[in-house]
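What follows is one structure encoded as structure tokens, with my remarks underneath.
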Amino acid sequence: MYNNQCPAFYQNVIRMQKCVTFNQVKGIFGFVESDLVGKIAFPVVQAAPALSSTFPFIFGNQKVHCLVPCAIDQDPYFRMCRDVAPRLGFPKCALIHSTFFPALQGAKSKMSASDENSAIFLTDKPETIKNKINKYAFSGGRSTVEEHRKYGGVPDIDVAYQLLNFFLEDDDKLKTIHDAYKKGQLLTGEIKKIAIDTVTPIVEWHQAVRKEITDDVLQAYMKIRPLKFEGSS
């Protein structure tokens with residue numbers, strides 16, 4: 001498949017495979033001798049797109065630095081790539097570690113397209129968003145109002161607060177909410193309302209601008225264009 005549809009990608013996979021030993025991937029990923037060969041070879045497949053020559057229809061012969069936005073679980077693949085790239089004549093890639101967005105049910109659960117209540121979707125209506133946060137968002141509050149007033153909430157595990165941590169742009173206001181919730185001055189229902197009022201306009205704005213996207217706009221955006229960078233080799 002790689003050879004027929006993505007020849008440059010396949011060639012870089014082969015080049016990188018020649019530079020990575022089993023002992024290296026064993027040390028990085030914890031592989032054992034009984035693991036399937038496809039599993040052992042996969043890290044190189046994952047890392048090859050960090051070489052600009054994988055996309056000659058975009059970068060031509062230029063050797064461009066690659067910036068990889070990824071979650072922490074992807075870090076080992078591109079650290080391996082950073083070791084290999086100079087041996088192949090390419091600059092080392094750089095990484096930006098992203099933070100995982102929480103599922104509504106909390107850190108111990110996962111978002112899933114098959115579970116419509118595991119996340120807020122960009123297609124959700126305001127009433128759906130309100131219902132999801134009120135009903136399903138994991139709370140860091142106490143069992144009773146009295147306990148909450150006395151001991152305070154736990155914002156670090158509270159999904160409504162985590163939503164605010166991502167979407168509330170006013171850092172001072174976010175800190176005020178954090179401290180008030182932790183001291184028990186702000187109740188779970190109140191912080192959920194703030195989250196609803198913060199997230200809903202963002203989703204509505206996205207839906208509004210999405211309606212303006214025509215097929216022509218989409219095609220123009222997705223069109224492959226050669227890129228030229230000053231100072232690139």
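Looking only at residues in segment 181-233 that are in a helix (DSSP H, G or I) and among the aromatic types (Phe, Trp, Tyr), which one is surrounded by the fewest Cβ atoms within 10 Å (Cβ to Cβ)? This residue is Tyr221.
Restricting Gln46, Gln62, Gln74 to residues that are part of a loop (DSSP other than H, G, I, E, B), among the polar types (S, T, N, Q) and surrounded by 14 or more Cβ atoms within 10 Å (Cβ to Cβ) narrows the list to Gln62.
For segment 81-101, the set of residues classified as more than 20 Å from the chain's Cα centre (by Cα) and either buried (at least 19 other Cβ atoms within 10 Å of the Cβ) or not acidic (Asp, Glu) (or both) consists of Arg82, Val84, Ala85, Pro86, Arg87, Leu88, Gly89, Phe90, Pro91, Lys92, listed by residue number. Within segment 126-151, being loosely packed, with under 13 Cβ neighbours inside 10 Å and basic (Lys, Arg) holds for Lys135, Lys150.
Hey, can you tell me all the residues within segment 72-98 that are of a type in the set (Phe, Trp, Tyr) and closer than 21 Å to Asn61 by Cβ?
If the condition is that a residue be of a type in the set (Phe, Trp, Tyr) and closer than 21 Å to Asn61 by Cβ, then Phe90 is the only one that fits.
Scanning segment 1-43 for residues that are under 19 Å from Asp75 (Cβ atoms), hydrophobic (A, V, I, L, M, F, W, C), free of Cβ contacts under 8 Å to residues at least 60 places away in the same chain and outside any helix (DSSP H, G or I) turns up just one, Phe31.
Among the residues in segment 152-166, are any open to solvent by 30 Å² or more (accessible area, probe 1.4 Å), of a type in the set (Gly, Ala, Ser), under 26 Å from Trp205 (Cβ atoms) and at pLDDT 95 or above?
No; the residues of segment 152-166 include none that is open to solvent by 30 Å² or more (accessible area, probe 1.4 Å), of a type in the set (Gly, Ala, Ser), under 26 Å from Trp205 (Cβ atoms) and at pLDDT 95 or above.
Of all residues in segment 85-107, none satisfies being out of contact with any Gly (no Cβ under 9 Å at 6 or more places or on another chain), under 30 Å from Asp156 (Cα atoms) and basic (Lys, Arg).
The values are calculated or read from the model by the stated rules, or taken from the named source; none is laboratory data. The model shown is predicted, which means the values in this text are computed figures rather than measured ones. Heads up, the Cβs are rebuilt from the backbone with ideal geometry, glycines too, and the neighbour counts pull from every protein chain shown. Accessible surface is based on the protein model in full, side chains and every heavy atom, while ligands, DNA and RNA are left aside. Shrake-Rupley method; radii C 1.70, N 1.55, O 1.52, S 1.80 Å.
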